[in-house]
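Notes for the one structure printed next.
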2 protein chains.
Amino acid sequence: MIRAASLAFLSLLPFSAAIAQATPAAPANVFGYHDFAAQAKWDKAFLAIPDAKLAGQHLKILTSAPHWASSPEDYKTAQYVEEKFKAAGLETHIVPYRVLLNKPVKIVVEAFGASGQKLMSGPTPEHVDPAVDGGDPFQDDPRILPAFNGSSPSGDVTAEVVYANYGTLADFKKLDELGISVKGKIVLVRYGNNFRGVKVYIAQQRGAKGVLIYSDPADDGYFRGDAYPKGAYRPESAVQRGSTQFLPIYPGDPETPGVASTVDLPDSQRIPADKLQNNQPSIPANPLSYKDAAPILRALAGPGVPHDWQGALPFAYHLGGDKAVTVHMHLEQDIALRTIWDVVGTIEGSDPAQKDDWVVAGNHRDAWVYGAVDPNSGTAAMLETVHGLGDLLKQGWKPKRRIVVCSWDAEEEGLIGSTEWVEQHQEPLRHAVAYFNTDVGVSGPSFNAAAVPSLKQFVSEVTYEVPSPKGGSVHEQWVKDQREQATSSRRSRPAADASRPEAALDVKIGTLGSGSDYTPFIQHTGVPSTDIGSDGPYGVYHSVFDNYNWFIRNADPTFVYEQQQARVFGLEILHMANADVLPYDYSLYGREILGYLDDARQQATRAGLQLDFTAAQAAAERFAKAGIAVHTRQVAATGNEAALNHALREAETALLDPDGLPNRPWYRHTIYAPGEFTGYAAVVIPGVTEAIDVPDAARAKAQIVALAAALSRSAAILEGAGK
Amino acid sequence: MIRAASLAFLSLLPFSAAIAQATPAAPANVFGYHDFAAQAKWDKAFLAIPDAKLAGQHLKILTSAPHWASSPEDYKTAQYVEEKFKAAGLETHIVPYRVLLNKPVKIVVEAFGASGQKLMSGPTPEHVDPAVDGGDPFQDDPRILPAFNGSSPSGDVTAEVVYANYGTLADFKKLDELGISVKGKIVLVRYGNNFRGVKVYIAQQRGAKGVLIYSDPADDGYFRGDAYPKGAYRPESAVQRGSTQFLPIYPGDPETPGVASTVDLPDSQRIPADKLQNNQPSIPANPLSYKDAAPILRALAGPGVPHDWQGALPFAYHLGGDKAVTVHMHLEQDIALRTIWDVVGTIEGSDPAQKDDWVVAGNHRDAWVYGAVDPNSGTAAMLETVHGLGDLLKQGWKPKRRIVVCSWDAEEEGLIGSTEWVEQHQEPLRHAVAYFNTDVGVSGPSFNAAAVPSLKQFVSEVTYEVPSPKGGSVHEQWVKDQREQATSSRRSRPAADASRPEAALDVKIGTLGSGSDYTPFIQHTGVPSTDIGSDGPYGVYHSVFDNYNWFIRNADPTFVYEQQQARVFGLEILHMANADVLPYDYSLYGREILGYLDDARQQATRAGLQLDFTAAQAAAERFAKAGIAVHTRQVAATGNEAALNHALREAETALLDPDGLPNRPWYRHTIYAPGEFTGYAAVVIPGVTEAIDVPDAARAKAQIVALAAALSRSAAILEGAGK
């Protein structure tokens, strides 16, 4: 994934004694089913199939070579996935797209001191001592590309260096306060806190000449625990590659926003490469290990940093901005149209009235290098999910709705494979009932999920049926993990959270921001989405060391969490494919939106804006009320519910604003978007809150109107649903 | 001081626009004066005298050699102070005491790896590279004692090592949870969070064989800023010396609790050296630099540490407790009765009715090495205060009350010089009206104070008259500093604080815990006390590098904060010596105590104790009400107020419990004591709260009774005062 795994959204939740159970049993009733008994039988048959050992084999084969998107090795992984899909009985195709990707030809980053002495000549290849803690068997493969940033242009720049902490908007504003300009400078920032493309986006807006992004040991290195190969954290030479695309503007092939980059797309429908300023940085950026960043940071002069800008390198950090350090970055990128390959497998639906209401599930396959965790722990699990679906088909099972399983390519460069496919299938996806994503399937033993509010209860519910390798059900362990995480955390839960609507669930389920393939589904197309995985300490993200050896030493040596992941992912598909009534919970959705409005009102007050929220508040209350009412009708419904289901699905589409967000029309969802200045983290009711952030009262007013309209549209649909 | 300087008590406070003024002017009215005009004239005359340059000269002379308590160089500093006191016209004596002090003869600390290889052989002498950043001109003096801990016994122990973070009670309990025993081990702890004697106290109770206390760069080294000589923070070889006396049991000469160790005290009145278990550790302890601690920490095996136990050394910390590291500590201490020298200067009082109501002011003079900041920045300022008092005397000024200025010795070993003197003068001190302490007079530009609640308003008030080198008054800058500190702090102010009684003041004034010479005054004797100083980044506490060179590079190059300190300290004395009505604010005192009771009730609930607070609550409310009423009478009073003043002073004495605290009867104050498990930090209504902590319901009940009785006694006195 292009987003680093995080346990940050975990928080204290009351432990529900009711769910403590020795072994998971199918629940008597599940939201969406008139009678769960038949489904429970199929669930049981399904759960028996995903195999830990086979998942391990998939993972080993998929990660045997570096398989960067568009490479021959990437194509081989596509063929492997195609073969497994077909073996399971899925109608399967490799779907190519032609998309713009940069590939590093030559990367030079070197630093000089005030008197011209060389401080560092890099980048240093990623390497651990083969004689210590078993070394690493994968690090010497000649096919490994030098560490680079996706979407970086070529460039040859020399400039003084300014350290800008995480490169958030607040960090750059702090530099302004301190009188340090980044204009004409190379900005050195550390990974973390926001999407790396946003770091470059802000630096570029402020006139920086280039950006270096390094991994501070405070964030995923020794400060967190032992470094690989002794432990799970980032060793000194390890680099985090990654895209610096301006993802919050739009994802996918930079040349074709809103249009699918099919192999036969005429050039006339592409934005010329020299007119991509909206989405592609104009200044060069490159990642660094802390081994290479340390000599620069150590030599930086200028004022000492604000206290919370200090990282874990063993010296006091300085802001720079003087002549103490000069860096020369020379990046030669081969930026060209390259072919990538999604793999798409289909199981037809059997209900004539609902067979075109797709259930889509997906995971990306491309990796910056080996990608054992990111993404192929997800791929290996998904293949065992498909294995299970195949066996069910042989046993006579039939899904009501069409199931579409996708192996995306070029996610790492900016969600490209998924975005192009979604852009190509806008019409059928208007009534797709769900998109289930998994990216990092397994980096450790802690199950985690994010979802649109209407599917939070749904995700929670499927985990009751799946056994955990730790005993009991996945759900039980999920609750327990969150409780322990909260107890051991130094940060206590913000008091305000206790009254939050999600407190109605006994697990905290995150909000979908961006950084993985659900973005084109939910935020561009309005397909209700979830994202699941099983997390743990994972410091080697996007480095050479995210490989099979790291995985079996740190994440899941016996692949039992792979098996768990395959099972949970599979139950999501099974339940959504055959539910009588679509199990969307608009009542929780409504409560969450009311909370967002409360926050926005407070935010406006703090910003000194006089905004009239009356219309949006009334619409949100109407939506919330309609959500509660339709929930009752969903529970009570009997017989063929195609019309109710159609309306339930339409209610999500109605939350899209066809005009999209200001300055980024590709993002059309009025409730969720990746933040313009966060990238990964969701901004809620984004049109409104980002206008308040500016602050821009006129824009905020217009966005309140748009939000109220969307909520009213959706409420009206819900009011009519099932009547 | 034996306590590290801290800005931790700073917090967000509303900025009072009313006090913004270009230059400070004497206020028209000051609490305690019928008519402030006459006093304002003397204040003005006084403020003109303390001289920055002279303060710098005092500092340079006082810190020209290491002057550990009882050393010949220490005696020379006593003579210097005596000479200056006498020159100002004070009746001055050097007052000797004979007290038990340990002096290191031989200190060996060495570490070995699992296969017996030597990891470290120390302690390494404190030394910075003379060629870098100007080096340090003081570090090579042969009179510097090796770094050691006061009160450590001799010992020769060899054991495996366990890392116990800061060595707080919570840290040791966490080790229990993790199944790591410290029994028979050498415990390696880092400085910070609690008093070092408490670290040893807990380790000893749990069967440790020895304790090593090191300075982690996270706490006062490069993680905070540049190390000396480039910056103000601790360089890698610098060691924090310090007492490991069990100060929370009792301070002073270990052999004479409650009794003055005069030179002629017969041995029969001393506790024999082998029966000092209450106050002196039985296991050896020694401080280490992080240079010496790093090889041990790096080699430690066992489980990784909890996240917040990780320091700033560049590797992942482990708990140890296995065979990975063995340490050999061989300490030879010469433990003997040694002579120390207080210097006491007196100005007689002129009011026959109140001349025996002493105003005492003091600062210690002894240092672990050079002590430029701790304590001689305070001594230099105090000498300029005395200079000012002397000039006033020549101008015809007369204090109503006797002024006693004290230069304490052997504070570093456990507040010994002050404690012995206080124990010797119990009778006159029963009606001493105040003790004004300064220890670290200046380590930087941020004025700070702690005080008993009745004197918080008083301290705040004197700072309006003193100009700040930053412009405006000290008070104005104090408010501003606290506001900025709060803004830049990542920790937001706890919401509960907003309703705290001290919010009535526009500056936050700390609570007196322990770690400096006010302890025998307030907590043993009930003399209302304050502690003031001017703080800044100060990472060389108790090391060789706390010297004149550090001071002029980091703290106060032109001694203008020395001058400020002399002025504020002097105004405290002037105002208290001549106030018509003693300016004690019992109304704030009452509100604070009511807050403490609220907290204790909540604490009891959390601990599951059923305690009846009714009597204490009623007594506290009565005390608070009496405080408000007497405040009105204080403001309205006219004429000779000796009787009112006597009662006001008696109200503080009434808060003492003659039986003292459980297990530590030397501490008699029912509202304030150093915490048994914190040492530095005050525990409020200590009898009650520490009983709840145990938890011990019976003891808590008895202590609630004692507290109620003290508050009732005091309230009754206040009710009668001035009637």
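Tabulated values for the structure
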{"read-out": "Filter result (at pLDDT 95 or above and touching a helix residue (DSSP H, G or I) at 6+ places or on another chain (Cβ under 6 Å)) within the range A:102-122", "value": "A:Ala111, A:Gly113, A:Leu119, A:Met120"}
{"read-out": "Identity of the residue in the range A:626-643, among the aliphatic types (A, V, I, L, M) and modelled with pLDDT under 95, that ends up farthest from A:Leu582 (Cα to Cα)", "value": "A:Ala636"}
{"read-out": "Search result, residues across the range B:676-715 that are without any contact (Cβ under 8 Å) to a residue 40 or more places away in the chain, part of a helix (DSSP H, G or I) and either under 20 Å from B:Arg649 (Cα atoms) or of a type in the set (D, E, K, R) (or both)", "value": "B:Glu690, B:Arg699"}
{"read-out": "Single residue of the range A:234-265 satisfying the filter (more than 30 Å from A:Ala131 (Cα to Cα) and β-branched (Val, Ile, Thr)) that is nearest to the other protein chains (Cβ to nearest Cβ)", "value": "A:Thr244"}
{"read-out": "Per-region count, the range A:186-214, residues of a type in the set (Lys, Arg) and buried (at least 24 other Cβ atoms within 10 Å of the Cβ)", "value": "3"}
{"read-out": "Subset of the range A:585-641 (residues that are outside any helix (DSSP H, G or I) and either within 18 Å of A:Ala654 (Cα to Cα) or touching a residue at least 24 places away in the same chain (Cβ under 8 Å) (or both))", "value": "A:Asp585, A:Ala607, A:Gly608, A:Leu609, A:Gln610, A:Leu611, A:Asp612, A:Phe613, A:Ala637, A:Thr638, A:Asn640, A:Glu641"}
{"read-out": "Checking B:Ser282 against (1) surrounded by fewer than 21 Cβ atoms within 10 Å (Cβ to Cβ); (2) within 14 Å of chain A (Cβ to nearest Cβ), the condition it does not meet", "value": "(2)"}
{"read-out": "Test: residue in the range A:593-600 that is assigned by TED's automatic domain parsing to the domain that holds A:Thr689, modelled with pLDDT of 95 or more and closer than 30 Å to A:Gly362 by Cα", "value": "yes"}
{"read-out": "Residue list for the range A:285-298, restricted to those being under 32 Å from the mean Cα position of the chain (by Cα) and more than 10 Å from chain B (Cβ to nearest Cβ)", "value": "A:Ala285, A:Asn286, A:Pro287, A:Leu288, A:Ser289, A:Lys291, A:Asp292, A:Ala293, A:Ile296, A:Leu297"}
{"read-out": "Residue within the range A:251-260 that is in a helix (DSSP H, G or I) and either surrounded by fewer than 23 Cβ atoms within 10 Å (Cβ to Cβ) or among the β-branched types (Val, Ile, Thr) (or both) present", "value": "no"}
{"read-out": "Residue list for the range A:410-432, restricted to those being crowded, with 24+ Cβ neighbours inside 10 Å and either not hydroxyl-bearing (Ser, Thr, Tyr) or not in a helix (DSSP H, G or I) (or both)", "value": "A:Ala410, A:Glu411, A:Glu412, A:Glu413, A:Gly414, A:Leu415, A:Ile416, A:Gly417, A:Glu420, A:Trp421, A:Val422, A:Ala432"}
{"read-out": "Residues of the range A:650-673 satisfying the condition of being buried (at least 24 other Cβ atoms within 10 Å of the Cβ) and either at pLDDT below 95 or part of a helix (DSSP H, G or I) (or both)", "value": "A:Ala651, A:Glu652"}
{"read-out": "Residue match in the range B:363-376 (condition: assigned by TED's automatic domain parsing to the domain that holds B:Ser71 and farther than 16 Å from B:His58 by Cβ)", "value": "yes"}
{"read-out": "Near pairs, Cβ below 6 angstrom, 6+ apart or cross-chain, from the range A:442-453 (assigned to a loop (DSSP other than H, G, I, E, B)) to any residue that is at pLDDT below 95", "value": "A:Ser443/A:Ala5"}
{"read-out": "Boolean, B:Ala353 is assigned by TED's automatic domain parsing to the domain that holds B:Gly513 and at pLDDT 95 or above", "value": "no"}
{"read-out": "Any pair with Cβ under 8 angstrom, 6 or more apart, that starts in the range A:479-492 at a residue that is over 18 Å from A:Pro537 (Cβ atoms) and within 14 Å of chain B (Cβ to nearest Cβ) and ends at one that is modelled with pLDDT under 90 and buried (at least 16 other Cβ atoms within 10 Å of the Cβ)", "value": "A:Ser492/A:Leu12"}
{"read-out": "Lone qualifier among A:Asp74, A:Asp43 - being at pLDDT 95 or above, of a type outside the set (A, V, I, L, M, F, W, C), more than 30 Å from A:Leu145 (Cβ to Cβ) and buried (at least 20 other Cβ atoms within 10 Å of the Cβ)", "value": "A:Asp43"}
{"read-out": "Counted residues, the range B:454-483 - those being modelled with pLDDT under 95 and assigned to a loop (DSSP other than H, G, I, E, B)", "value": "0"}
{"read-out": "Near pairs, Cβ below 9 angstrom, 6+ apart or cross-chain, from the range A:286-307 (at positive phi) to any residue that is crowded, with 19+ Cβ neighbours inside 10 Å and not in a loop (DSSP other than H, G, I, E, B)", "value": "A:Gly302/A:Val162; A:Gly302/A:Tyr163; A:Gly302/A:His318; A:Gly302/A:Gly320"}
{"read-out": "Test for A:Ala301: is it in contact with an Asp or Glu (Cβ under 6 Å, 6 or more places away or on another chain), in a loop (DSSP other than H, G, I, E, B) and within 14 Å of another protein chain (Cβ to nearest Cβ)", "value": "yes"}
{"read-out": "Filter result for B:Val683 (among the hydrophobic types (A, V, I, L, M, F, W, C), farther than 23 Å from B:His431 by Cβ and surrounded by 18 or more Cβ atoms within 10 Å (Cβ to Cβ))", "value": "yes"}
{"read-out": "Every residue from the range B:501-552 that is of a type in the set (Asp, Glu) and at pLDDT 95 or above", "value": "B:Asp517, B:Asp531, B:Asp535, B:Asp546"}
{"read-out": "Sole residue being farther than 20 Å from A:Gly414 by Cα and either in contact with an Asp or Glu (Cβ under 9 Å, 6 or more places away or on another chain) or at pLDDT below 95 (or both), chosen from A:Ser289, A:Ser261, A:Ser215", "value": "A:Ser289"}
{"read-out": "Close pairs from the range A:249-274: first of a type in the set (Lys, Arg), partner surrounded by 13 or more Cβ atoms within 10 Å (Cβ to Cβ), Cβ under 9 Å, at least 6 apart", "value": "A:Arg270/A:Leu100; A:Arg270/A:Asp253; A:Arg270/A:Glu255; A:Arg270/A:Thr256; A:Arg270/A:Val259; A:Arg270/A:Ser261; A:Arg270/A:Leu337"}
{"read-out": "Inter-residue pairs, beta-carbon under 7 Å, first in contact (Cβ under 8 Å) with a residue 40 or more places away in the chain and in the range B:36-49, second assigned to a helix (DSSP H, G or I) and of a type in the set (Lys, Arg), 6+ apart", "value": "B:Leu47/B:Arg567"}
{"read-out": "Any hit, the range A:321-332, residues being more than 30 Å from A:Asp176 (Cβ to Cβ) and outside the structural domain of A:Pro66 (by TED's automatic domain parsing)", "value": "yes"}
{"read-out": "Positions within the range A:211-233 being in a loop (DSSP other than H, G, I, E, B), within 11 Å of chain B (Cβ to nearest Cβ) and closer than 23 Å to A:Val198 by Cα, in sequence order", "value": "A:Gly221"}
{"read-out": "Residue in the range A:306-332 that is surrounded by the fewest Cβ atoms within 10 Å (Cβ to Cβ), counting only those that are over 15 Å from A:Ser215 (Cα atoms), within 9 Å of another protein chain (Cβ to nearest Cβ) and more than 29 Å from the chain's Cα centre (by Cα)", "value": "A:His307"}
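The values are calculated or read from the model by the stated rules, or taken from the named source; none is laboratory data. Being a predicted model, the structure only gives us computed values, none of them experimental. Every residue, glycine as well, gets a Cβ built from its backbone with ideal geometry; the counts of neighbours run over all protein chains shown.
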